[in-house]
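The values are calculated or read from the model by the stated rules, or taken from the named source; none is laboratory data. Small disclaimer: the values here were computed from a predicted structure and weren't measured. Cβ sites come from the backbone with ideal geometry, for glycine too, and all protein chains shown count toward neighbours. Note: areas computed on protein heavy atoms with side chains; ligands, DNA, RNA excluded. Shrake-Rupley method; radii C 1.70, N 1.55, O 1.52, S 1.80 Å.
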Amino acid sequence: MKIFNLNLHYLIVFFGTGIILLTLSIALVFSQKEKPAYYKYILAFIILGLIISTNTLLAIFLNLTNSSSTYIIERIIIFLQFLMLSLFFKKIMSDSKHIKKINLLFYFAIFIQALVIVFAFLFNIVAYSKITSNVFLIIFSFIYYRDLLNNKPTLIIKDSPVFWLVTGIFFSYCVSFPIYALNPTLSKFSAYRNVKFQLFAVSNMSLIVMYLLFIKSYLCLKHQQNLQ
């Protein structure tokens, strides 16, 4: 059972890497097409996601899954991904009547994320950076949905590129939040290593769904009127 679960985890990592490559390919196809400015943050996020997957695959093939260098690289890239998504939300909600609060939340979130990572490195403690990043991105998504529901229903949601981007982010980070919240506890007990791999497999599957919704968002750009 243990070997099966590890193999499942690795299989999802390989499959997820393929999905990220597909997403990046589609993003590059649309790179010359007219589109909203916030897509530059999404493209950067996708590229960083591919780097994380490559880092993970190298760790698997070179048996470096417990390497400190692999861990450090992953944490730095995850922070950069969080920064890209935060900038994305800041951009898409720039016309919101709550923009001052959004800007304050943006700078507070970046500060907290950087602080958590620094403390994790300096004091060699279990990092909670993924937990805090999930919380902030869920809050940003909630603000977007609230504004969407409070505005006049002029947007065709199924054809809205930004809606599918936010929905992908919201879904993935909502699924991942309880998993990463459990990780510090599970990491203390070697007996739970198998459970941890199973939970990470679920988290990675939610990431795959997010990238598929990113693809949906890019495909919405085929229609020139769908630039909201």
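Could you list, in sequence order, the residues of region 83-121 that are assigned to a loop (DSSP other than H, G, I, E, B) and modelled with pLDDT under 90? Listed by number, the residues that qualify are Ser94, Asp95, Ser96, Lys97, His98. Applying the set (1) modelled with pLDDT under 75; (2) assigned to a helix (DSSP H, G or I); (3) not aromatic (Phe, Trp, Tyr) to Lys188 leaves exactly one unmet item: (2). Among the residues of region 23-35, those identified as in contact with a Leu (Cβ under 9 Å, 6 or more places away or on another chain) and at pLDDT 90 or above are Thr23, Leu24, Ile26, Ala27, Leu28, Phe30. If you go through region 71-81 one residue at a time, do you hit one that is in contact (Cβ under 8 Å) with a residue 40 or more places away in the chain, over 17 Å from the mean Cα position of the chain (by Cα) and not in a helix (DSSP H, G or I)? Scanning region 71-81 turns up no residue that is in contact (Cβ under 8 Å) with a residue 40 or more places away in the chain, over 17 Å from the mean Cα position of the chain (by Cα) and not in a helix (DSSP H, G or I).
Are any of the residues in region 137-146 farther than 23 Å from Leu48 by Cβ, modelled with pLDDT of 90 or more and open to solvent by 60 Å² or more (accessible area, probe 1.4 Å)? Scanning region 137-146, I find at least one residue that is farther than 23 Å from Leu48 by Cβ, modelled with pLDDT of 90 or more and open to solvent by 60 Å² or more (accessible area, probe 1.4 Å), so the answer is yes. Output yes when any residue across region 122-135 is modelled with pLDDT under 85, in a helix (DSSP H, G or I) and surrounded by fewer than 16 Cβ atoms within 10 Å (Cβ to Cβ), and no when none is. Scanning region 122-135, I find at least one residue that is modelled with pLDDT under 85, in a helix (DSSP H, G or I) and surrounded by fewer than 16 Cβ atoms within 10 Å (Cβ to Cβ), so the answer is yes.
Of the listed requirements (1) part of a helix (DSSP H, G or I); (2) under 30 Å from Asn150 (Cβ atoms), Ser53 misses just one: (2).
With respect to the conditions (1) free of Cβ contacts under 8 Å to residues at least 24 places away in the same chain; (2) surrounded by 15 or more Cβ atoms within 10 Å (Cβ to Cβ), Leu62 lacks only one, and its number is (2). If I filter region 155-185 down to residues being β-branched (Val, Ile, Thr) and farther than 18 Å from Ser94 by Cβ, which single residue comes out as least open to solvent (accessible area, probe 1.4 Å)? Among those that are β-branched (Val, Ile, Thr) and farther than 18 Å from Ser94 by Cβ, it is Ile179.
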